[in-house]
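The values are calculated or read from the model by the stated rules, or taken from the named source; none is laboratory data. Just so we're clear, the structure is a prediction, and the values are computed from it rather than from any experiment. Note that we place each Cβ from the backbone using ideal geometry, even for glycine, and neighbour counts take in every protein chain shown. Please note that ligands, DNA and RNA were not included when accessible areas were found on the heavy atoms of the full protein model with its side chains. Shrake-Rupley method; radii C 1.70, N 1.55, O 1.52, S 1.80 Å.
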Amino acid sequence: MGDPDPPPAADGAHGPPVTGSSTKVSLWRSDFGASLVVVLIAVPLSLGIAVASGAPLVAGLISAVVGGIVGGLFGGSAVQVSGPAAGLTVIVAGLVQTYGWAATCAIVAAAGVLQLALGLFRVARAALAVSPAVIHGMLAGVGLVIALSQLHIVLGGTPQSSALENLIELPGQLVRNHTHSVAVGLFTLIVLIGWGRLPSRFKVIPAPLAAIGAGTALATVFAWDVARVDLPDDPIGALVTPQWPDGSWSSIAGAVIAVALVASVESLLCAVAVDRLHDGPRVNLDRELAGQGAANLTAGLLGGLPIAGVVVRSTANAAAGARSRRSTIMHGVWVLALALAAAPAMELIPLGALAALLVAIGVQMVNLAHMRGVHRHGELPVYLLTMAGVVALGLFEGVLIGLGCALLLTIWRLARISVKVTPQLDAPVRVTVDGSLTFLSVPALARALTAVPAKEVVDLSLNIDFMDHAGVTAIDDWRTGYERAGGTVRIDEVQEQWYAQGATGLPRPVRRTPPSRNRQAWHPLAATLSGRRQLEEGSEEFHSHVAPLVRPLLSELAEGQRPTHLFITCADSRLVPNLITSSGPGDLFTVRNVGNLVPRHGEADPTDSTIAAIEYALAVLPIKTITVCGHSACGAMDALLTPGSAGDMPYLSGWLRNGTHSLDRMSSVPDGPDRLDRLGRENVLQQLENLRTHPGVAKREAAGELELCGGYFSIAEGRMHILSPTALTV
């Protein structure tokens, strides 16, 4: 856990790859520039969070320094920046009120020891098991608490002891006259909100620094008498010695665990999120957790706020081009230098400006993107209840409410099951069961099975992702009773053999009904069915399992198609274009004919459908690519090699004349066992040449607007080869 790990190679975003000493210089330059950006954000945020936590202002700077240097040295993330975090302000404020500041520092140090132990025991990933809806709801609730309390300071008043009291007192604060504080706070907010709308050249200065600077300048120019930052004359001498708090061991242990868990979860979630913003080394979560523990232990001993990974600083660090932990470490050094050398400048900052910054941060913690994400996964109630619980009752109570709601939602989902009974004319009754079949869902299953007509043949399709003993027993009891009454039950398990493995002593083995519901799209349906029955069963399977998945996409395509790829291939039943290209609805404009042939310009019949499709594709559709795809063991190619094999099929013989040019290409190829395969490949290349005889194709290809590709599918290998345009090689 020593020096920062450099990324394995230079990032192309910062210039061409370099080697040796040039690489090191480039990495240092990137990290140096990023550290300067982060420090401009870290200083005002650290001071503001100290204000919101009820801690000495210097405690915020101490934690920024320690989070940068210690967290950077020992952490496991390349670009995450640690420091005092807004998500911990509610906990810290409560600890300061209960135990005092010196005792709070001892609790922070003890939390660091706990984090170190958790990191050493490699349990970091366990923290990610908490529902994101609870985490995001907790942070949103904390954000509202911060915003409501700091809004009173912006308005020149004093925050109350709870969020609800702050909300009740807010109208009174709004009608009172706090001229200077209101002016500074509102001006800071206006600059903070409007900074993002300015031209990009202004955004070199981070918005928090610009807003605090503007509010400070306003108060200084007009010499307003407003409360300002007050730092000790001797920062080193002002360090607080931690004192173990007086109180019950259970309460103190609960406080230590709370600080450690909230800081750990927030840091690990931030590290995972920031990992998506860079292409350097991936985060080591256990090492990151241990690094956070070392930072909190150090911060607590020096009299600082608790430390966690901070999204705002980490995102800015990655966006500024940070390449390793050197950026985080240097940012901590810069904060220390500013705290020692620029204290008089910091003391000009009005507290109202810092409060305005915290109001904006608190509002931003109610993240609409997070709300949309949890809503998409059906967990919005968990998010909202957690947020409301934190605001109305407190952090611990809100989190407990959120966890309880998440647990109830999971139980409710386990209890949900879909049972569909479909009687069919002159066919077995189809019963489809979807979901998780547990003891919670057995009543719904039993109720639905009573609708099955008596003395029929029943195809019971179990699309079950889990079945417990109660589920196995319920199905077995119903099956036994139904068959004793004169009916027949045939069971088909789509996923795992839950019923077959759980039910023992059955009068007959479990039989699968054709077609099996676990038949995937590439399994031939004709293996079990034929004729109209094949069509009906295939359509039913599509409606039951595939249509719900593709319906949103199909609804978007309902107004028209916009494919960019014309795919010309053989009519052979073994060739499935969308399967071998991993494409879906709307991707391919497909033309299939015998032998994937393309008549040359001037030689095609006016009624030829292949040329008509090519003409339509080029004139109407946004086609950018045309692929001709052949395949092994092609019957059309075999017919070309065996004259007269078409027999009394005059239309087929006439169509195969379009392949004579391909046959001519084989004149210099000696006979051999691979002659058919070689002709299939040469035929693809020839059809590309045939395409180029059409003026519209040639013109667009010459202009760089169209690309022609050749493909060859080996059926035996199950492999798609992309053909070289000039030779038989692939």
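Only one of these is under 14 Å from residue 310 (Cα atoms), open to solvent by 10 Å² or more (accessible area, probe 1.4 Å) and in contact with a helix residue (DSSP H, G or I) (Cβ under 6 Å, 6 or more places away or on another chain): 288, 266. Name it. Within the list 288, 266, the selection yields 266. The lone criterion from (1) in contact (Cβ under 8 Å) with a residue 60 or more places away in the chain; (2) under 30 Å from residue 123 (Cβ atoms); (3) part of a helix (DSSP H, G or I); (4) open to solvent by 50 Å² or more (accessible area, probe 1.4 Å) left unmet by residue 252 is number (4). Pairing each residue of segment 167-184 that is within 27 Å of residue 216 (Cβ to Cβ) with any residue that is at pLDDT 80 or above and hydroxyl-bearing (Ser, Thr, Tyr), provided the two are 6+ apart or on different chains, yields C-beta distances under 9 Å for 184/216. Could you list, in sequence order, the residues of segment 463-497 that are in a strand (DSSP E or B), surrounded by 16 or more Cβ atoms within 10 Å (Cβ to Cβ) and either among the polar types (S, T, N, Q) or touching a Gly at 6+ places or on another chain (Cβ under 9 Å) (or both)? Scanning segment 463-497 gives 463, 464, 467. Within segment 80-125, if we keep just the residues that are in contact with a Gly (Cβ under 8 Å, 6 or more places away or on another chain), of a type in the set (Val, Ile, Thr) and open to solvent by 10 Å² or more (accessible area, probe 1.4 Å), the residue that is nearest to residue 48 (Cα to Cα) turns out to be 90.
Against the numbered list (1) of a type in the set (Val, Ile, Thr); (2) assigned to a strand (DSSP E or B); (3) within 30 Å of residue 370 (Cα to Cα), residue 432 comes up short only at (3). Exactly one residue out of 185, 141 is in contact with a Ser or Thr (Cβ under 7 Å, 6 or more places away or on another chain), surrounded by 19 or more Cβ atoms within 10 Å (Cβ to Cβ) and not acidic (Asp, Glu), and it is 141.
Look through 613, 617, 633 and report the one residue that is aliphatic (A, V, I, L, M) and farther than 29 Å from residue 560 by Cα. Being aliphatic (A, V, I, L, M) and farther than 29 Å from residue 560 by Cα holds for just one of 613, 617, 633, which is 633. The residue of segment 165-190 that is nearest to the chain's Cα centre (by Cα), among those that are in a helix (DSSP H, G or I), of a type outside the set (Ser, Thr, Tyr) and within 19 Å of residue 228 (Cα to Cα), is 189.
Contact map, segment 146-159: first residue closer than 11 Å to residue 52 by Cβ and without any contact (Cβ under 8 Å) to a residue 12 or more places away in the chain, second residue open to solvent by 30 Å² or more (accessible area, probe 1.4 Å) and hydrophobic (A, V, I, L, M, F, W, C), Cβ cut-off under 7 Å, separation 6 or more or different chains; pairs are 159/153. Checking each residue in segment 325-350 for being touching a helix residue (DSSP H, G or I) at 6+ places or on another chain (Cβ under 6 Å), assigned to a loop (DSSP other than H, G, I, E, B) and open to solvent by less than 60 Å² (accessible area, probe 1.4 Å) picks out 325, 349. Checking 380, 384, 403 one by one, the residue that is open to solvent by 30 Å² or more (accessible area, probe 1.4 Å), in contact with a Ser or Thr (Cβ under 8 Å, 6 or more places away or on another chain) and touching a residue at least 12 places away in the same chain (Cβ under 8 Å) is 403 and no other. Taken over segment 218-239, the criterion of being surrounded by 15 or more Cβ atoms within 10 Å (Cβ to Cβ), at pLDDT 80 or above and closer than 16 Å to residue 345 by Cβ is satisfied by 218, 219, 228, 229, 231. Is at least one residue of segment 311-319 in a strand (DSSP E or B), crowded, with 18+ Cβ neighbours inside 10 Å, over 19 Å from the mean Cα position of the chain (by Cα) and in contact (Cβ under 8 Å) with a residue 12 or more places away in the chain? Scanning segment 311-319 turns up no residue that is in a strand (DSSP E or B), crowded, with 18+ Cβ neighbours inside 10 Å, over 19 Å from the mean Cα position of the chain (by Cα) and in contact (Cβ under 8 Å) with a residue 12 or more places away in the chain.
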